[in-house]
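So the structure is just underneath, and the comments pick up after that.
The values are calculated or read from the model by the stated rules, or taken from the named source; none is laboratory data. Predicted, not measured: the structure shown is a model, and the values here were computed from it. Note: ideal-geometry Cβ built from the backbone for every residue, glycine included; neighbour counts use all protein chains shown.
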Amino acid sequence: MTKKIKSFDKIDFKIINELYKDVRISASKIARTIGVNERTVRRRIDKLIESKAIRIATIIEPSMFGYNSIADINLKVEDSVFDKFVESCKKNPNVCYIAFGWGKANLAIETRFLDNEEMYNFINHTLPETEGVEVINFFIIPKIIYNIDQWLPVESDFKD
């Protein structure tokens, strides 16, 4: 069984839920809604951020900027070029997610493009022509149904 890194309680759960509904909500409104002191809410939010349990961030909707061609790509990247390739992916505006993988692929990337031709060229030319990089497989994503910015822990993850 995986050990939880940090221990959070039901007050943290209530604060997280209020922030999830509206990240711009004031600490005073959260305090009134959940029935605790405003200073407690501010301190708890700071603790949640500092512990990296939550991030307060702007989530961009790529489709609003025309990035509707999505592909998840699994790659085998040789150790000798791995770090350099990851850095190039971080700088590529079409790459929005990078993760280690196990199995045949050791790197997974999510990409978004303005059109299918750009996506096709990246998958079939740019990547295969990159030394030390092999495309293991890819999935064209017509629609994302549920994303990480919609995920929440369950109440049982929080102690009484």
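Couple of notes before you dig in:
- Helices (runs of 4 or more DSSP H) wholly inside segment 1-102 containing at least 3 residues that are under 30 Å from Glu117 (Cβ atoms) and in the same structural domain as Asn124 (by TED's automatic domain parsing): 79-91
- Sole exception among (1) on the phi > 0 side of the Ramachandran plot; (2) modelled with pLDDT under 95 for Gly35, by number: (2)
- Contact map, segment 119-141: first residue within 23 Å of Gly103 (Cβ to Cβ), second residue loosely packed, with under 12 Cβ neighbours inside 10 Å, Cβ cut-off under 8 Å, separation 6 or more or different chains; pairs are Gly132/Ser80; Glu134/Pro128; Val135/Pro128; Ile136/Lys104.
- Some residue of segment 107-118 being more than 22 Å from Phe65 (Cα to Cα), surrounded by 10 or more Cβ atoms within 10 Å (Cβ to Cβ) and hydrophobic (A, V, I, L, M, F, W, C): yes
- When residues of segment 48-61 are limited to those that are touching a residue at least 24 places away in the same chain (Cβ under 8 Å) and surrounded by fewer than 16 Cβ atoms within 10 Å (Cβ to Cβ), the one nearest to Tyr120 (Cα to Cα): Ile59
- Failed criterion for Gly66 (all others in (1) surrounded by 15 or more Cβ atoms within 10 Å (Cβ to Cβ); (2) more than 30 Å from Lys14 (Cβ to Cβ) hold): (1)
- Taking (1) exposed (fewer than 14 other Cβ atoms within 10 Å of the Cβ); (2) at pLDDT 95 or above; (3) of a type in the set (A, V, I, L, M, F, W, C) in turn, Ile123 satisfies each apart from (1).
- Residues located in segment 142-160, provided they are without any contact (Cβ under 8 Å) to a residue 24 or more places away in the chain and more than 26 Å from Ile109 (Cβ to Cβ): Val154, Ser156
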